[in-house]
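> Mind looking over this structure? Questions follow.
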Amino acid sequence: MNRKQFIDQIKEKNQYWDVIIIGGGATGLGCAVDAASRGYSTVLLDMHDFAKGTSSRSTKLVHGGVRYLQQGDVSLVIEALKERGLLIQNAPHLVSHQSFIVPSYKWWSGPFYGVGMKVYDVLAGKLNIKKSKSLSVEETLKKIPTLETEGLLGGTMYYDGQFDDARLALNLAQTAADHGAIPLNYMKVTGLLKNSSDLVTGVEALDMIDGEPYSMNARVVINATGIFTDSILEMDDEFHKPMIQCSQGIHLVLDKEFLPGDAAIMVPHTDDGRVLFAVPWHGKALVGTTDTPIKNPDLEPRALEDEIDFVLRHAARYLSKDPTREDVKSVFAGLRPLVKPEDAKETSQISRSHHLQVAESGLVTITGGKWTTYRKMAEDTIDQAVLVAGLADAECITEGLRIHGWLKNVDMNDHLHVYGSDRVGIEKLIKKRPELGEKIHPNLPYLKAEVVWSAQKEMANTIDDILSRRTRMLLLDAKAALESAEIVAELLAEEFGEDQAWINQEVAEFKELAIEYTLT
Ligand SMILES: Cc1cc2nc3c(=O)[nH]c(=O)nc-3n(C[C@H](O)[C@H](O)[C@H](O)COP(=O)(O)OP(=O)(O)OC[C@H]3O[C@@H](n4cnc5c(N)ncnc54)[C@H](O)[C@@H]3O)c2cc1C
């Protein structure tokens, strides 16, 4: 993908696009893949980088949602379990099988979760990963040696999927581009174009890199802006009543010593009635999350002190060694775009099903949902958009569509696995310029070649793009990421032909952002 070439294509086109999508998170990117693969001319615009919002800040689980089963939302679980199975097939380089253990400290918990997980297995049908089973105390401790032993009665083991969210988002942008779509990052929609009948006919947008304004026409415009959904609906109708409730979830990243081995821990009931996970991820342990109502949308939400204490307190209950603030390698927060119900509910009780609506102006809005169900959300949205725009009917083909980078039998312990079939490109770069085979930072496996690759092929523009979403260094070890800022800026400056002043400004901006991911 090349941003300059995409912009040239936009400038050349003075006719209508079939579909314009606002928002480059899981939802919008899924829509772009669906629309482009059905043959519709498609543009996607994101005001920042792909997945800068909620879609790079998830728990990284491709799951049916054991919690939704507890809440009795069986149809959501069935839908998500089907999507889990499809995603494992369509992106095997990014989605892996993950075993989870629900530890039992109460006499009833083993039989209760044992039966619950059998139901989970059945609901997954033929796409089930592996059957759940009950474990003795010894078996449980063999899988998770760092589990709190006091009062431990055994465990229930079940399986779900795990993935790299920002990498999948990027692969979706690439898949859409492979099918002819134009996915553009750093292009903010500032207004909607309308005709004399007040119907939406396109968008006004601003290039956030060089400040150039654009007008683009489309037969249908899709609003997939997550926590910013209301801001686009306000462009359509100044009297629009806000519909989104942001709910914050945070994660703490700890060293692997807190969770050695391959299994994850699932705590089904925290003090506030939520689920807490401790999951191995890219050689670290990811612990979270919370559910805190937040008033305003923000691309860089900050973890609250109460949330940090809550996660540390619960982690200490289930781990034999209590993690402290000093042990936290990184802290990151994300905001769920929940659709407000008529009756005021706690955010943890609001449904995670998706919400699709069409305004009188023809603007199509898709919001809510989960990463896991992005494909089904996109299918429903494009089905609706085709009707609104009167486009020639074309069948959805994404159930069996391979996602860019598709490669089977990758070694998930080798960090380059996330590139799938693109990995050879990185290896070629290193062959040509052996110095690019060096690590960016001694504490993490990422290579300088990845910076160059992401700048050349993956539309990375800033240090944040590289360290937060192309690699995951900021989320894995914020101090190492801070120490890597200069090296990354120098490599980017070489690619883009920028000078020392650009490097200095980039580094200063990144450090201001990254310091918020550290606790000490
Ligand atoms: C803490 C947490 C944990 C989660 N864990 C999981 C999990 O393990 N598994 C799972 O399945 N789901 C999980 N989810 C849910 C999942 O992450 C979200 O449902 C999903 O990422 C939402 O994607 P989205 O595309 O709707 O929103 P976003 O990713 O926020 O994308 C919206 C995009 O719109 C862009 N935008 C906004 N305004 C404009 C504009 N004017 N012009 C152009 N672009 C604009 C933004 O820049 C942003 O990139 C989790 C969510 C949270 C918060």
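> Restricted to segment 206-238, and to residues that are closer than 26 Å to Val339 by Cβ and of a type in the set (Gly, Ala, Ser), which residue is surrounded by the most Cβ atoms within 10 Å (Cβ to Cβ)?
Ala224
> Tell me yes or no: at least one residue of segment 141-164 is part of a strand (DSSP E or B), closer than 30 Å to Gln5 by Cβ and either more than 27 Å from the chain's Cα centre (by Cα) or not basic (Lys, Arg) (or both).
Here is the first cut: in segment 141-164, the residues part of a strand (DSSP E or B) are 147, 154-162.
From what is left, the residues that are closer than 30 Å to Gln5 by Cβ are none.
No, that holds for no residue.
> Let me ask another. List the helices (runs of 4 or more DSSP H) inside segment 406-483, counting only whole elements, that have at least 2 residues being closer than 21 Å to Thr175 by Cα. Show your work before the answer.
Working: elements: 423-432, 448-457, 473-476.
In segment 406-483, the matching helices (runs of 4 or more DSSP H) lie at 423-432, 448-457.
> Select from segment 33-76 the residues that are more than 8 Å from the ligand (Cβ to nearest atom), within 19 Å of Val221 (Cβ to Cβ) and either outside any loop (DSSP other than H, G, I, E, B) or of a type in the set (A, V, I, L, M, F, W, C) (or both) and list them in ascending order.
Val33, Asp34, Ala35, Ala36, Thr42, Val43, Leu44
Here's the yes/no breakdown for (1) touching a helix residue (DSSP H, G or I) at 6+ places or on another chain (Cβ under 9 Å); (2) at pLDDT below 95; (3) surrounded by fewer than 19 Cβ atoms within 10 Å (Cβ to Cβ); (4) in a helix (DSSP H, G or I):
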residue	(1), (2), (3), (4)
Gln98	no, no, no, no
Ile101	yes, no, no, no
Trp107	no, yes, yes, no
Phe112	no, yes, yes, yes
Met117	yes, yes, no, yes
Tyr120	yes, yes, no, yes
Ala124	yes, yes, no, yes
Lys130	yes, yes, yes, no
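> Do you know which of the residues in segment 233-292 that are within 14 Å of the ligand (Cβ to nearest atom) and of a type in the set (Asp, Glu) is farthest from Gly110 (Cα to Cα)?
Step by step, filter segment 233-292, then rank; the result is Asp236.
> Looking at segment 16-31, I want the residues that are more than 6 Å from the ligand (Cβ to nearest atom) and have a partner that is among the hydroxyl-bearing types (Ser, Thr, Tyr) and assigned to a helix (DSSP H, G or I) with Cβ atoms under 7 Å, at least 6 apart or on another chain. Which pairs are those?
What qualifies is Gly30/Tyr374; Cys31/Thr381.
> Right, another one. Determine whether Glu509 is surrounded by fewer than 17 Cβ atoms within 10 Å (Cβ to Cβ) and either assigned to a helix (DSSP H, G or I) or in contact with a Cys (Cβ under 7 Å, 6 or more places away or on another chain) (or both).
Values: surrounded by fewer than 17 Cβ atoms within 10 Å (Cβ to Cβ): yes; either assigned to a helix (DSSP H, G or I) or in contact with a Cys (Cβ under 7 Å, 6 or more places away or on another chain) (or both): yes.
The answer is yes for Glu509.
> Working only within segment 140-185, note down all residues that are in contact with a strand residue (DSSP E or B) (Cβ under 7 Å, 6 or more places away or on another chain) and within 16 Å of the ligand (Cβ to nearest atom).
Going residue by residue through segment 140-185, those that are in contact with a strand residue (DSSP E or B) (Cβ under 7 Å, 6 or more places away or on another chain) are 140-141, 143-144, 146-148, 152-163, 173, 176-177, 181-184.
Answer for segment 140-185, where residues must be in contact with a strand residue (DSSP E or B) (Cβ under 7 Å, 6 or more places away or on another chain) and within 16 Å of the ligand (Cβ to nearest atom): Tyr158, Tyr159, Asp160, Gly161, Gln162, Phe163, Ala173, Ala176, Ala181, Ile182, Pro183, Leu184.
> Is it true that some residue in segment 49-56 is over 24 Å from Asp422 (Cα atoms) and either touching a residue at least 12 places away in the same chain (Cβ under 8 Å) or out of contact with any helix residue (DSSP H, G or I) (no Cβ under 6 Å at 6 or more places or on another chain) (or both)? Before the answer, list the steps.
Residues of segment 49-56 over 24 Å from Asp422 (Cα atoms): 53-54.
Next, only the ones that are either touching a residue at least 12 places away in the same chain (Cβ under 8 Å) or out of contact with any helix residue (DSSP H, G or I) (no Cβ under 6 Å at 6 or more places or on another chain) (or both) stay: 53-54.
Checked segment 49-56: at least one residue is over 24 Å from Asp422 (Cα atoms) and either touching a residue at least 12 places away in the same chain (Cβ under 8 Å) or out of contact with any helix residue (DSSP H, G or I) (no Cβ under 6 Å at 6 or more places or on another chain) (or both).
> Which of the residues spanning segment 359-381 are surrounded by 24 or more Cβ atoms within 10 Å (Cβ to Cβ) and touching a Cys at 6+ places or on another chain (Cβ under 6 Å)?
Result: Ala378, Thr381.
> May I ask you to list the residues in segment 76-86 that are touching a helix residue (DSSP H, G or I) at 6+ places or on another chain (Cβ under 7 Å) and either surrounded by fewer than 16 Cβ atoms within 10 Å (Cβ to Cβ) or of a type in the set (A, V, I, L, M, F, W, C) (or both)?
Residues satisfying the conditions are Leu76, Val77, Ile78, Leu81, Leu86.
> Does Glu360 fit the bill of being away from the ligand (no atom under 11 Å from the Cβ) and more than 28 Å from Val77 (Cβ to Cβ)? Outline the logic, then answer.
Numbers: away from the ligand (no atom under 11 Å from the Cβ): yes; more than 28 Å from Val77 (Cβ to Cβ): yes.
Yes, satisfied.
> Within segment 135-178, restricting attention to residues that are among the small types (Gly, Ala, Ser) and surrounded by fewer than 19 Cβ atoms within 10 Å (Cβ to Cβ), which residue is modelled with the lowest pLDDT? Explain how you work it out, then say what you get.
Residues of segment 135-178 among the small types (Gly, Ala, Ser): 136, 151, 154-155, 161, 166, 169, 173, 176-177.
Restricting the remaining residues to those that are surrounded by fewer than 19 Cβ atoms within 10 Å (Cβ to Cβ) gives 136, 151.
Numbers: Ser136: 95, Gly151: 91.
In this case the residue turns out to be Gly151.
> Also, quick follow-up: Can you report the number of residues in segment 410-439 which are free of Cβ contacts under 8 Å to residues at least 60 places away in the same chain, surrounded by fewer than 18 Cβ atoms within 10 Å (Cβ to Cβ) and not hydrophobic (A, V, I, L, M, F, W, C)?
Residues that pass the stated criteria total 14.
> Kindly indicate which of Ile227, Ile209 is part of a loop (DSSP other than H, G, I, E, B), modelled with pLDDT of 95 or more, within 14 Å of the ligand (Cβ to nearest atom) and in contact with a Lys or Arg (Cβ under 9 Å, 6 or more places away or on another chain). Step through it out loud before you land on a result.
Numbers: Ile227 fails: part of a loop (DSSP other than H, G, I, E, B).
Being part of a loop (DSSP other than H, G, I, E, B), modelled with pLDDT of 95 or more, within 14 Å of the ligand (Cβ to nearest atom) and in contact with a Lys or Arg (Cβ under 9 Å, 6 or more places away or on another chain) holds for just one of Ile227, Ile209, which is Ile209.
> Looking only at segment 84-141, which residues are farther than 24 Å from Gly400 by Cα and in contact with a Phe, Trp or Tyr (Cβ under 6 Å, 6 or more places away or on another chain)?
Correct list: Ser99, Phe100, Val102, Met117, Ser132.
> Moving to a separate point now. Looking at segment 393-411, is at least one residue among the aliphatic types (A, V, I, L, M) and modelled with pLDDT under 95?
Scanning segment 393-411 turns up at least one residue that is among the aliphatic types (A, V, I, L, M) and modelled with pLDDT under 95.
The values are calculated or read from the model by the stated rules, or taken from the named source; none is laboratory data. Since we're looking at a predicted model, the values are computed, not measured. We place every Cβ from the backbone using ideal geometry, glycine too, and count neighbours over all the protein chains shown.
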